[in-house]
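Report on one structure; see the data block that follows.
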Amino acid sequence: MEKMDGKTMDLVAENVSKLKELFPEAFTEGKIDFEALKEVLGTFVDDRDERYSFTWNGKSKARMIAQTPSTGTLRPCREESVDWDTTQNIFIEGDNLEVLKLLQKSYHKKVKMIYIDPPYNTGKDFVYRDNFKDNIKNYKEITGQVDGEGRNLSNNPETSGRYHTDWLNMMYPRLKLARNLLKDDGVIFISIDDNEVSNLRKVCDEIYGEENLLGVFQWRRRQRADNRNQSRVSPDHEYIVAYSKTENIVLKGTEVDLGKYKNPDNDPRGPWASIDLSGLATATQRPNLHYDIVDPQTGISYPPNPSRGWSKSKDNVLKMIKEGRILFPKSPKGRPREKKFVNDLNSTVTGFSTCLDSKHVGYTTNGTREVTSLIGGKYFDFPKPTNLLKTLIDQSTEKADIIFDFFAGAATTADAVLQLNAEDIGGRRFVVAQLPEKIDVKSEGFKAGYKSIAEISKERIRRAAAKIKKELATTGHTKNTEKYKKENYLFGKAETSVSSVFSVVKKIDLGFKVFKLDSTNIKPWEVDFDMTERTLEDFISNIKSDRKEEDVLYEILLKYGLDLTLPITERTIAEHKVFDIGMGALIVCLSDAISLEVVEGIARLKDELNPEIMRVVFKDSGFKDDVVKTNAVQILRTAGIVDVRSL
């Protein structure tokens with residue numbers, strides 16, 4: 001019976017396995033023969049000493065940290081969750097590097113969109129320094145879970161000498177691990193400002209591929225210029241850098257407003273709109289676009305605007321006059337315009353502009369008001385507005401996709417997902433992670449009773465969900481009824497009544513499961529020749545004494561790479577508790593004194609549930625005796641269950 005350890009997926013071993021599948025001839029006795037690999041790759045190998053590259057002090061270590069398995073786990077926290085038994089949303093409290101490692105199997109290629117708002121490296125925000133040897137211990141020390149009050153998070157001032165280096169060493173492994181979670185058509189959006197935008201672009205070019213840059217969006221974050229800057233330059237904008245997982249990924253774009261296309265003259269060519277004919281070039285720049293347009297009916301001549309000219313050449317305009325595509329004004333003081341038909345449009349969708357309209361997506365002041373109105377205080381500096389996140393989510397996802405944010409902060413991403421789902425009866429799911437960073441004792445948040453940013457983040461989601469639920473219960477079920485009828489994506493033709501819409505609205509997922517990062521539930525076997533008899537007894541069970549069955553259960557889900565929101569059913573077989581995860585996908589029994597009756601009952605579940613694959617996990621010390629343990633494997637194999645493991 002194979003044993004499960006307390007480590008996550010070995011990314012290096014996985015990559016080596018993939019390499020072996022592609023180039024088996026480059027392996028000798030299980031090891032890579034680099035000379036043979038070079039021969040196989042031929043002209044794709046670059047042996048030059050001098051070539052373009054982006055490097056910094058610590059890059060190799062950052063790459064190794066990304067590949068080092070985690071010894072942590074995620075412990076469920078029902079008491080801080082909302083709708084635990086039904087929700088598909090997840091909030092994870094913990095260091096996002098370890099969280100990313102722990103999710104490598106369960107969410108590999110399942111996330112459609114990632115949005116993060118990491119530290120901008122302004123010198124005031126912290127840069128988390130990872131520990132290559134034991135990052136779980138490092139995390140607990142920093143967050144005060146061990147060693148008394150814990151160590152302070154480090155600021156990264158420009159005078160440190162490693163200003164950009166420390167930031168890059170923090171970001172590189174996280175961005176690299178995040179890529180593994182994206183679906184092949186997935187997209188990542190990263191908020192940043194001028195301090196690190198150039199370095200971020202270079203890192204993402206390396207990890208995601210410069211050919212996969214979707215765009216660098218500019219977002220005006222404030223409405224009024226800041227006059228406190230000594231240079232008299234007001235930094236009013238930020239960037240959102242966007243990359244896709246693979247090439248040829250497109251965003252949804254913006255739907256053309258077809259409402260302005262009418263057909264008042266019953267033109268046989270269909271609906272049309274009046275479009276400006278002015279250009280953008282002076283006579284010096286484009287002399288061919290500066291000419292008079294003459295109305296053939298009246299003979300009136302219309303000169304061009306000296307600074308703009310026309311948008312089309314004279315020959316084109318003469319052709320359009322013959323075709324009846326030029327609209328002449330009733331007054332000589334007017335201007336000729338183009339008659340643009342819907343049928344002339346190459347597409348009814350225009351590109352998603354890299355200049356985000358802040359009147360639509362909001363400013364930081366909008367984000368601040370949203371948080372303040374929900375939780376009663378200004379607990380975050382410059383939180384993103386939900387309309388900004390809703391716009392990005394709407395552009396890059398469908399209604400059943402997973403959205404991931406591992407710098408959750410003010411939890412704007414989670415709030416935006418809930419709001420969008422309420423608006424279009426979507427089934428989008430969020431997974432967000434936040435470090436339980438301690439907040440200043442002088443801050444409003446601390447005075448209100450919060451001890452960490454993670455606590456405020458969770459409360460913001462709870463209150464956002466409660467607000468949406470209240471709105472839906474009062475007006476929301478009728479507000480969008482006509483829209484739902486038109487889209488008709490959830491209802492049959494006979495089911496478009498207000499009551500049927502409301503019945504579906506009530507099913508919108510407004511909950512979230514809370515998990516907290518911790519060390520593995522499994523005791524490590526460490527030889528100590530001074531161990532007392534009591535210590536030896538402790539090691540009879542290799543599960544830590546302060547851990548519950550549910551803690552162990554979710555660690556098993558992570559190790560098997562199963563979704564943390566799969567339905568879990570508790571069954572009783574021969575008076576022993578048995579967990580059924582995902583309708584037989586995984587069966588777990590963590591009882592003591594397991595008998596053959598329990599094993600035979602599990603074998604019968606295979607026929608009853610008929611899953612494609614059934615996996616079974618026991619506690620190593622849980623069998624009644626060695627005979628039962630030995631026979632258990634044979635009984636289950638006879639039933640067609642070959643994946644049997646113990647903890």
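Rounded to the nearest 0.05, the FRET efficiency derived from the C-beta distance between F382 and Q218 at R0 = 25 Å is 0.95. PRE reach from I275 (point 7 Å along Cα→Cβ): which of region 302-316 fall under 20 Å by backbone N? Label zone hits: 304-305, 308-316.
For region 535-636, applying the loop criterion from DSSP together with a ceiling of 14 other beta carbons within 10 Å to the chymotrypsin sites (Phe, Trp or Tyr not before Pro) yields F539. Over all directions, the projected convex hull of the C-alpha atoms in region 274-360 averages 7.9 nm² in area.
Relative to the longest principal axis of the Cα atoms of the chain, helix 549-560 runs at roughly 60 degrees.
Per residue of the chain, the DSSP helices (runs of n ≥ 4 H) give a summed -39500 (n - 2.57) that works out to -9500 deg cm²/dmol at 222 nm.
Taking other C-beta atoms within 10 Å as the exposure proxy, L374, L647, L389 rank L374, L647, L389 from fewest upward. The label-point distance for D205 and K523, in a model that sets each label 7 Å from Cα toward Cβ, rounds to 5.3 nm. Relative to the longest principal axis of the Cα atoms of the chain, helix 386-396 runs at roughly 90 degrees.
Computing FRET efficiency as 1/(1 + (r/R0)^6) for F23 and K624, where r is the C-beta to C-beta distance and R0 is 35 Å, gives about 0.10.
Taking the alpha-carbon centroid of each part, what is the distance from region 192-208 to region 266-285 in angstrom? What the calculation gives is 40 Å, centre to centre.
What is the local net charge at V197, summed over the other residues whose Cβ is closer than 13 Å to its Cβ (Lys, Arg +1; Asp, Glu -1)? Could the numbers behind the result be given before it?
Details: positive: R201, K202; negative: D193, D194, E196, D205, E238.
Here the count lands on -3.
Extension gain for the segment E608 to A400, taken as residue separation times 0.36 nm less the Cα-Cα distance, is 71.9 nm to one decimal.
If you take every DSSP beta bridge whose two residues both sit in the chain, what share of them, in percent to the nearest 5, is antiparallel?
Numbers: 46 of 78 bridges.
Approximately 60 percent, going by the DSSP bridge assignments.
When only Cα pairs under 8 Å and 6 or more residues apart are kept, what is the percent relative contact order across region 257-346?
Details: 136 pairs, mean separation 30.0, N = 90.
Once normalised by length, the contact order is 33 percent.
Shape of region 545-647 from the C-alpha gyration tensor: oblate (a/c of 1.5 or more and a/b not above b/c, with a ≥ b ≥ c the square roots of its eigenvalues).
For a footprinting-style exposure proxy, rank W310, W84 by other Cβ within 10 Å, fewest first. Intermediate values should be presented prior to the final figure.
On the way: W310 25, W84 16.
So the ranking, lowest neighbour count to highest, is W84, W310.
The mean sequence separation of alpha-carbon pairs under 8 Å and at least six residues apart, normalised by the residue count of the chain, gives a relative contact order of 18 percent.
With Cα atoms defining each centre, region 540-572 and region 617-647 are spaced 17 Å apart in the structure. Fully extending the segment from D33 to D592, taken as 0.36 nm per residue of separation minus the present Cα-Cα distance, adds 196.4 nm. Between the Cα long axis of helix 412-424 and the first principal axis of the chain there is an angle of about 70°, rounded to the nearest 10. The modelled label-to-label distance for the pair V45/R369, using points 7 Å beyond Cα in the direction of Cβ, is 6.3 nm. Determine the distance separating the Cα centre of region 172-187 from the Cα centre of region 371-441; give it in Å without decimals. Region 172-187 and region 371-441 have Cα centres separated by 19 Å. Amide hydrogen proximity for I92: with H placed 1.01 Å from N in the peptide plane, the residues at 5 or more positions away or on another chain lying under 5 Å are V432, A433, Q434, F515.
Suppose R0 equals 25 Å; then what is the FRET efficiency for K451 and K137 from their Cβ-Cβ distance, rounded to the nearest 0.05? Please report the intermediate quantities before stating the final value.
Values: r = 21 Å, r/R0 = 0.84.
Calculated transfer efficiency: 0.75.
Length gained on full extension, S234 to T246, computed as 0.36 nm times the residue gap minus the Cα-Cα distance: 0.7 nm.
Read the figures in this text as sums done on the coordinates, not as results from a lab. As the structure is a prediction and not an experimental result, all values here were calculated from the model. Don't worry about glycine lacking a Cβ; one is built from the backbone with ideal geometry, like all the others, and counts go over all protein chains shown.
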